[in-house]
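Novice: What follows is a structure written as structure tokens; I'll ask about it next.
The values are calculated or read from the model by the stated rules, or taken from the named source; none is laboratory data. The model shown is predicted, which means the values in this text are computed figures rather than measured ones. Note that we place each Cβ from the backbone using ideal geometry, even for glycine, and neighbour counts take in every protein chain shown.
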């Protein structure tokens with residue numbers, strides 16, 4: 001959590017310095033640089049349930065047991081935050097943090113800290129359809145008494161942003177598929193959707 005906040009602050013400071021330099025460009029070119037920060041509400045399928053474990057025979061110690069990916073019937077709910085930095089029409093970066101702590105089953109939960117490029121695919125009026133490819137890490141609690149772990153995370157997705165006013169925008173839908181390539185002896189593929197509200201700071 002602390003590392004994510006520091007990362008967002010560094011992005012804002014770097015982007016702010018870039019924005020100050022951009023102001024000397026002739027007004028006729030129009031200002032493209034902007035920073036938007038917002039909050040999210042998310043629902044995710046964690047791809048793991050509390051009792052989904054397997055072991056190599058013979059099962060002599062707890063280290064012989066490994067988690068197994070398995071879709072459950074109880075999704076995780078949570079809150080998140082994002083920062084979008086737009087340098088130009090085609091050069092944009094998004095950083096996001098998500099804390100999936102509600103609707104837990106047996107204490108299983110996941111947090112995500114991701115950053116990467118965001119690409120506007122289609123724009124019509126106040127509506128923008130975008131794609132994104134993010135990377136970072138996730139923290140996971142395997143359930144009460146089952147330990148925790150931190151895992152490299154890749155995320156691919158997209159969504160729809162709608163500008164409501166000059167500064168306020170609606171993230172009408174954001175869909176994300178995650179790939180955790182080194183999750184114990186296997187891989188994990190959580191997926192989910194988010195909605196939120198953003199505020200253009202600059």
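Novice: Can you list the strands (runs of 3 or more DSSP E) lying wholly within the stretch 23-77 that have 3 or more residues being at pLDDT 90 or above and in contact with a helix residue (DSSP H, G or I) (Cβ under 9 Å, 6 or more places away or on another chain)?
Specialist: Numbers: elements: 34-45, 53-55, 65-67.
Of the strands (runs of 3 or more DSSP E) lying wholly inside the stretch 23-77, those with at least 3 residues that are at pLDDT 90 or above and in contact with a helix residue (DSSP H, G or I) (Cβ under 9 Å, 6 or more places away or on another chain) span 34-45.
Novice: Hey, another quick one. What tally of residues in the stretch 172-186 results from selecting those that are assigned to a strand (DSSP E or B) and either farther than 15 Å from residue 45 by Cα or modelled with pLDDT under 95 (or both)?
Specialist: Total meeting the criteria: 6.
Novice: Across the stretch 146-171, what is the number of residues that are more than 12 Å from the chain's Cα centre (by Cα), surrounded by 13 or more Cβ atoms within 10 Å (Cβ to Cβ) and not in a loop (DSSP other than H, G, I, E, B)?
Specialist: Count: 12.
Novice: Would you point out the residue of the stretch 78-98, among those that are in a strand (DSSP E or B) and free of Cβ contacts under 8 Å to residues at least 40 places away in the same chain, that is farthest from the chain's Cα centre (by Cα)? Before the answer, list the steps.
Specialist: Going through the stretch 78-98, the residues in a strand (DSSP E or B) turn out to be 78-86, 92-98.
Pick out the ones that are also free of Cβ contacts under 8 Å to residues at least 40 places away in the same chain and you get 78, 92.
Working: 78: 12, 92: 15 Å.
Restricting to residues being in a strand (DSSP E or B) and free of Cβ contacts under 8 Å to residues at least 40 places away in the same chain, the top hit is 92.
Novice: Hey, could you check the stretch 133-145 for residues that are under 21 Å from residue 198 (Cβ atoms) and touching a residue at least 24 places away in the same chain (Cβ under 8 Å) and say which is surrounded by the fewest Cβ atoms within 10 Å (Cβ to Cβ)? I'd like the intermediate steps shown before the answer.
Specialist: Start the filter on the stretch 133-145 by keeping residues that are under 21 Å from residue 198 (Cβ atoms), which leaves 133-134, 136.
Add one more test, that the residue is touching a residue at least 24 places away in the same chain (Cβ under 8 Å), and what stays is 134, 136.
On the way: 134: 22, 136: 19.
Applying the filter and picking the extreme gives 136.
Novice: Here are some residues: 90, 99. Which one is closer than 25 Å to residue 35 by Cβ and modelled with pLDDT under 95?
Specialist: On the way: 99 fails: modelled with pLDDT under 95.
Checking each option against the conditions leaves just 90.
Novice: May I ask you to say which residue of 113, 130 is at pLDDT 95 or above, over 11 Å from the mean Cα position of the chain (by Cα), part of a strand (DSSP E or B) and crowded, with 19+ Cβ neighbours inside 10 Å?
Specialist: 130
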